[in-house]
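Peer 1: Questions regarding the structure given below will be posed in turn.
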Amino acid sequence: MCVSSACCINQAYAVRYSRWKQGWGTELLRQILSKVQEFNIIDVYIVCRENNIGSIKVIEKNGGRFTNTVVDEEGNLNNVYHIVIK
């Protein structure tokens with residue numbers, strides 16, 4: 001789901017349940033953002049389901065700021081977060 005017409009990259013990651021709450025998701029997103037920075041992309045928008053507390057925490061720990069909620073094609077509510085890469 002793209003929230004901007006400028007540049008849309010779909011990136012997903014998964015953390016095995018036995019490794020939840022150990023910082024793996026936070027580190028994975030940090031490394032993804034580091035790689036994105038190599039392409040001189042400054043503004044990153046991340047979308048996750050509005051009830052996915054784990055993903056919300058990961059995004060916020062990486063500097064994500066909530067911007068709004070959007071409805072996808074299937075009617076699911078999704079939060080949009082903005083990260084400015086420095």
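Peer 1: Among all residue pairs at least 6 apart or on different chains, which show Cβ distances below 7 Å where the first residue, located in segment 64-82, is among the acidic types (D, E) and the second is in a strand (DSSP E or B)?
Peer 2: D72/N78
Peer 1: Among residues belonging to segment 12-27 that are within 17 Å of Y81 (Cβ to Cβ) and in contact (Cβ under 8 Å) with a residue 24 or more places away in the chain, point out the one that is surrounded by the most Cβ atoms within 10 Å (Cβ to Cβ).
Peer 2: Restricting to residues being within 17 Å of Y81 (Cβ to Cβ) and in contact (Cβ under 8 Å) with a residue 24 or more places away in the chain, the top hit is G25.
Peer 1: Another question, then. Does V70 satisfy the criteria of being over 23 Å from W20 (Cα atoms) and of a type in the set (A, V, I, L, M, F, W, C)?
Peer 2: Against the criterion (over 23 Å from W20 (Cα atoms) and of a type in the set (A, V, I, L, M, F, W, C)), V70 qualifies.
Peer 1: Just one of (1) surrounded by 15 or more Cβ atoms within 10 Å (Cβ to Cβ); (2) closer than 13 Å to Q11 by Cβ trips up G63, so point out which.
Peer 2: (2)
Peer 1: State all residues of segment 64-86 that are touching a His at 6+ places or on another chain (Cβ under 9 Å) and not in a strand (DSSP E or B); if no residue qualifies, say none.
Peer 2: Selection gives G64 alone.
Peer 1: Does segment 32-58 hold any residues that are touching a residue at least 40 places away in the same chain (Cβ under 8 Å), within 10 Å of the chain's Cα centre (by Cα) and not in a helix (DSSP H, G or I), and which are they?
Peer 2: V44, Y45, V47
A short reminder: the numbers here are calculations on the coordinates, not readings from a lab. Model, not experiment: these values are computed from the prediction. When we count neighbours, we look across all protein chains shown, and the Cβ atoms used for this are built from the backbone with ideal geometry, even at glycine.
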